[in-house]
Structures are given as structure tokens and as C-alpha cells.
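The values are calculated or read from the model by the stated rules, or taken from the named source; none is laboratory data. Predicted, not measured: the structure shown is a model, and the values here were computed from it. Glycine also receives a Cβ, built like all others from the backbone with ideal geometry; neighbour counts cover every protein chain displayed.
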Amino acid sequence: MASPRFHLWSSVGKKLLTGITGLALMGFIVTHLLGNLNLFVGSEAFNRYTAALHALGGLLYVAEAGLVALFALHAISAIGVWRSKSAARSVQNTVVASKGAPSRQSLSSRTMIVTGSVLLAFLVLHVAQFKYGVFGGAEYTTTVDGEEVRDLFRLVAETFQNPAWVVLYMSVMALLGFHLRHGFWSAFQSIGLLDPRIRPVAYSASAIFAVVVALGFFVMPLYLFATGAS
């Protein structure tokens with residue numbers, strides 16, 4: 001009898017794990033975007049939001065540990081799927097080309113491992129910059145509702161007064177949209193929820209989801225740079 005580990009790391013198991021973790025991460029991305037929309041409201045609203053997260057205490061650390069595990073599982077399973085496909089193509093000596101509607105193979109699908117790797121590296125930079133303030137600003141504080149809290153809004157606003165950071169973040173957010181364009185519908189397909197009858201709708205929904213999410217993050221650094229929000 002095959003072991004559970006074998007089932008999990010079989011071709012189907014890796015695709016299933018990639019799909020499940022991918023959907024969970026997309027849920028996190030949407031939640032993160034909604035929270036960051038407070039940047040458009042102003043410094044007090046955004047700092048109140050971040051202060052509420054920090055007030056969770058131990059629960060926040062548990063959630064962060066869960067996110068790290070989620071990202072790790074997604075990356076490992078996705079790499080496993082990519083290696084399996086690469087090995088299969090090598091054996092079959094196939095030529096990679098767009099296969100049209102049935103397979104929906106595209107540039108975004110063929111470069112998922114590349115865009116995913118770039119996004120993972122960016123995530124490390126993003127956390128280091130804004131959570132730990134490795135480039136400065138970790139000491140910024142302000143008062144919200146009579147309590148001293150970290151002034152994360154000031155750090156974010158100051159960061160995006162630098163055109164280099166603006167261009168970097170906007171470029172990566174465009175790449176995020178490119179990654180999600182394939183990842184959205186592919187995740188549903190991997191867990192067996194993409195009925196052939198609704199595939200055209202799923203492909204369209206995937207494009208809309210990717211554009212909305214990427215645009216939401218894309219405009220934030222541009223807005224802060226243009227307005228000099230403080």
C-alpha cells in the first residue's frame with residue numbers, strides 16, 4: 001500500500017496542494033489589499049488599522065507563522081509541479097507552444113515559476129522594509145485614540161517619495177497581476193472545481209481578478225508619490 005506521503009507528493013497531490021495553497025494565498029492578498037486601502041483615507045485611519053492588528057498579540061504571531069508555512073508549501077509544491085512537467089517535456093522532446101483554447105497554455109502559464117520566484121523574493125524585501133524597518137523608520141511613532149502606536153503610514157509615505165521604490169513596487173504589482181492571470185483559474189482546476197461548462201467564465205473572471213488586484217496595489221505607491229501624503 002502506498003504511503004500518505006507518496007499520495008501527497010504524487011503528480012496529482014502536488015497539483016492539489018498547489019491549488020489549495022494558491023487559493024488561500026489569494027484570499028490573503030485580497031484581505032491585505034482591503035486593509036491597505038486605508039492609505040487612501042489618511043494616516044490616522046491606516047495607523048488605527050495597523051495598530052488593531054498589533055493588538056491581536058499572540059494571535060498575530062500565529063497568523064504570521066501560518067502565512068509563512070502557507071507560502072512555503074505553495075512554493076515547494078509549485079516547484080515540484082514545474083519539475084515534473086519539465087521532466088515530462090524532456091522525455092517527450094515536445095516543443096513548447098501555445099496550444100489554444102483546450103489547454104490555455106500561455107506566456108503567463110509558462111513563466112509561473114519565474115514570476116513566482118520574483119514575487120517570493122519581493123515578499124521578503126517587503127516584510128523587511130515595512131514590518132522590521134530595515135531601511136529606516138522602525139522608530140516612527142504617533143498617537144491614535146490617545147495611545148502611542150507605530151507610525152507605519154509615515155514610513156510608507158516617505159518610502160514612496162523615492163521614485164526608485166515607486167517604480168520597483170509598481171513593476172512588481174504588474175508582475176503579480178500577470179501571475180494571478182493564470183493562477184486564479186488554474187487553482188480551481190487543480191482542485192477539481194473547474195467544470196468544462198464554466199471554463200470560459202472562469203478564464204474571464206481570472207483576468208478581471210488579476211487586473212483588479214494588481215491595479216489596487218499598483219496605484220498606492222503612485223498615489224503617495226503624487227500627493228506627498230503625510
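Run Thr115 past the list (1) surrounded by fewer than 16 Cβ atoms within 10 Å (Cβ to Cβ); (2) in a helix (DSSP H, G or I) and report the number of the one that doesn't hold.
(1)
Would a scan of segment 171-191 turn up a residue that is farther than 25 Å from Val30 by Cβ, touching a residue at least 60 places away in the same chain (Cβ under 8 Å) and of a type outside the set (S, T, N, Q)?
Going through segment 171-191, the residues farther than 25 Å from Val30 by Cβ turn out to be none.
Looking through segment 171-191, none of the residues is farther than 25 Å from Val30 by Cβ, touching a residue at least 60 places away in the same chain (Cβ under 8 Å) and of a type outside the set (S, T, N, Q).
If the requirement is being over 29 Å from Gly42 (Cα atoms) and free of Cβ contacts under 8 Å to residues at least 24 places away in the same chain, which of these qualifies: Ala207, Ala138, Ala202?
On the way: Ala207 fails: free of Cβ contacts under 8 Å to residues at least 24 places away in the same chain; Ala138 fails: over 29 Å from Gly42 (Cα atoms).
Ala202 is the lone residue from the list that is over 29 Å from Gly42 (Cα atoms) and free of Cβ contacts under 8 Å to residues at least 24 places away in the same chain.
Taking the condition touching a strand residue (DSSP E or B) at 6+ places or on another chain (Cβ under 7 Å) and either under 19 Å from Gly19 (Cβ atoms) or among the hydrophobic types (A, V, I, L, M, F, W, C) (or both), does Val124 pass? Steps first, please.
Details: touching a strand residue (DSSP E or B) at 6+ places or on another chain (Cβ under 7 Å): no; either under 19 Å from Gly19 (Cβ atoms) or among the hydrophobic types (A, V, I, L, M, F, W, C) (or both): yes.
Considered against the rule, which asks whether it is touching a strand residue (DSSP E or B) at 6+ places or on another chain (Cβ under 7 Å) and either under 19 Å from Gly19 (Cβ atoms) or among the hydrophobic types (A, V, I, L, M, F, W, C) (or both), Val124 comes out as no.
Condition first: of a type in the set (Val, Ile, Thr), over 23 Å from Leu194 (Cβ atoms) and modelled with pLDDT of 90 or more. Can you find one or more residues in segment 38-46 that meet it? I'd like the intermediate steps shown before the answer.
In the first step, residues of segment 38-46 are kept if they are of a type in the set (Val, Ile, Thr); the result is 41.
Going one step further and asking which of them are over 23 Å from Leu194 (Cβ atoms), we end up with 41.
If we keep only those that are modelled with pLDDT of 90 or more too, we end up with 41.
Checked segment 38-46: at least one residue is of a type in the set (Val, Ile, Thr), over 23 Å from Leu194 (Cβ atoms) and modelled with pLDDT of 90 or more.
When you scan segment 129-139, do you find a residue that is more than 20 Å from the chain's Cα centre (by Cα) and surrounded by 17 or more Cβ atoms within 10 Å (Cβ to Cβ), even just one?
Of segment 129-139, the ones more than 20 Å from the chain's Cα centre (by Cα) are 133-139.
Those still in the list that are surrounded by 17 or more Cβ atoms within 10 Å (Cβ to Cβ) too: 137.
Yes, the conditions are met somewhere in segment 129-139.
Considering only residues of segment 38-52 that are surrounded by fewer than 14 Cβ atoms within 10 Å (Cβ to Cβ) and aliphatic (A, V, I, L, M), which is farthest from Ala210 (Cα to Cα)? Let's see the steps before the verdict.
Initially, segment 38-52 is screened for residues surrounded by fewer than 14 Cβ atoms within 10 Å (Cβ to Cβ), giving 41-42, 52.
In the following step, the residues that additionally are aliphatic (A, V, I, L, M) were identified as 41, 52.
Working: Val41: 24, Ala52: 28 Å.
Among them, the one singled out is Ala52.
For segment 127-184, what are the residues that are of a type in the set (A, V, I, L, M, F, W, C) and assigned to a strand (DSSP E or B)? Even if it seems obvious, please write down each step before you answer.
From segment 127-184, those of a type in the set (A, V, I, L, M, F, W, C) are 127-128, 130, 134-135, 138, 144, 149, 152-153, 155-157, 160, 164-168, 170, 172-176, 178, 180, 184; that's our starting set.
Val144, Val149, listed by residue number.
From the list Thr141, Thr227, Thr159, which residue is in contact with a strand residue (DSSP E or B) (Cβ under 8 Å, 6 or more places away or on another chain), more than 30 Å from Val12 (Cβ to Cβ) and polar (S, T, N, Q)? First the steps, then the outcome.
On the way: Thr227 fails: in contact with a strand residue (DSSP E or B) (Cβ under 8 Å, 6 or more places away or on another chain); Thr159 fails: in contact with a strand residue (DSSP E or B) (Cβ under 8 Å, 6 or more places away or on another chain).
Going through Thr141, Thr227, Thr159 in turn, the sole match is Thr141.
Considering Ala97, Ala24, Ala88, Ala69, which residue is part of a helix (DSSP H, G or I) and either at pLDDT below 95 or hydroxyl-bearing (Ser, Thr, Tyr) (or both)? So that I can check it myself, show each step before the final result.
Numbers: Ala97 fails: part of a helix (DSSP H, G or I); Ala24 fails: either at pLDDT below 95 or hydroxyl-bearing (Ser, Thr, Tyr) (or both); Ala69 fails: either at pLDDT below 95 or hydroxyl-bearing (Ser, Thr, Tyr) (or both).
Criteria check complete, one pass: Ala88.
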